[in-house]
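Okay, here's the structure, questions in a sec.
The values are calculated or read from the model by the stated rules, or taken from the named source; none is laboratory data. Predicted model, so just to flag it, every value in this text is computed and none were measured. Note: ideal-geometry Cβ built from the backbone for every residue, glycine included; neighbour counts use all protein chains shown.
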Ligand code: DGL
């Protein structure tokens, strides 16, 4: 068995890299749905259907767990798939399988609280408001998942989301660092205008953005903490696998990288992030 890692494209590699560091002996299969990337401007139903198709493919290749290394899929599709598709699919397959997202671990890391914790609404005066910016795809921003879930847990944290409509596609298309820096600076400026100042902390709420996290750091106030979504996801997976021995992550240390799009070498931008050459096989 293996752990599947799914994204619309190359963004999930940022999560994959940290998962592999944490589980060096496990077998991993990465699937990029590059035939359909980007997901972030698509209607919800399409995101659900594409995410289900990706998970089915990974389970069909022998994965026991699939990590949705994509905020858009985690925020829009995960609950629906867990409620309406997975129970019947498990019966059909006759073995335990599950799909995990990355938003819950990220919110746990951002709030410093376990997911089960919901704050008592006591109406206490908040002494100092912590302003947290979330940069994401339009679909994730429209879902307001970060605002809603963080607000349930921390009244002293105010979340501002900034949709970045073209950024994931620019990263997929190997845009120049200059054009990426200009796009990111525009989004940071836009959110600063809405807040009235720059944020205290930020979440790169689209896994593609981690590939250019240095450009976000350059555009934000120096030293602004960025919640590290890949680390939060890896920590959560460690805890999950300790509680759920029924999911076999494999022990061969194999790595496969598949794409529904154009197979072959990945872009210079991706390889610079990855630290070595990287080639995808056809899915
Ligand atoms: N990497 C993705 C995310 O975290 C999706 C980007 C896209 O396909 O628009 O949301």
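Of the residues 139, 77, 109, which single one is at pLDDT 95 or above and under 16 Å from residue 228 (Cα atoms)?
Sole residue among the options that is at pLDDT 95 or above and under 16 Å from residue 228 (Cα atoms): 109.
Among the residues of the stretch 144-151, is any surrounded by fewer than 21 Cβ atoms within 10 Å (Cβ to Cβ), touching a strand residue (DSSP E or B) at 6+ places or on another chain (Cβ under 6 Å) and free of Cβ contacts under 8 Å to residues at least 24 places away in the same chain?
Yes, the conditions are met somewhere in the stretch 144-151.
Look at the stretch 3-38 and say how many of its residues are touching a strand residue (DSSP E or B) at 6+ places or on another chain (Cβ under 9 Å), within 15 Å of the ligand (Cβ to nearest atom) and part of a loop (DSSP other than H, G, I, E, B).
9
Quickly run through the stretch 39-62 and pick out the residues that are surrounded by fewer than 18 Cβ atoms within 10 Å (Cβ to Cβ) and either within 10 Å of the ligand (Cβ to nearest atom) or under 14 Å from residue 78 (Cβ atoms) (or both).
Correct list: 41, 44, 49.
Something else now. Those residues that are in contact (Cβ under 8 Å) with a residue 40 or more places away in the chain, within 18 Å of residue 38 (Cβ to Cβ) and either part of a strand (DSSP E or B) or more than 16 Å from the ligand (Cβ to nearest atom) (or both), I need them from the stretch 169-226; list them, please.
204
Suppose we filter the stretch 39-56 for residues that are in a helix (DSSP H, G or I) and without any contact (Cβ under 8 Å) to a residue 40 or more places away in the chain; how many remain? Spell out the reasoning first.
Step one: of the stretch 39-56, the residues in a helix (DSSP H, G or I) are 44-56.
Cutting the leftovers down to without any contact (Cβ under 8 Å) to a residue 40 or more places away in the chain gives us 45-46, 48-49, 52-53, 56.
So the count comes out to 7.
Could you figure out which of (1) surrounded by fewer than 18 Cβ atoms within 10 Å (Cβ to Cβ); (2) under 20 Å from residue 244 (Cβ atoms) isn't true of residue 125?
The single condition residue 125 does not satisfy is (2).
Check off (1) under 26 Å from residue 274 (Cβ atoms); (2) out of contact with any helix residue (DSSP H, G or I) (no Cβ under 6 Å at 6 or more places or on another chain); (3) surrounded by fewer than 17 Cβ atoms within 10 Å (Cβ to Cβ) for residue 174 and give me the number that stays unchecked.
Result: residue 174 passes all but (2).
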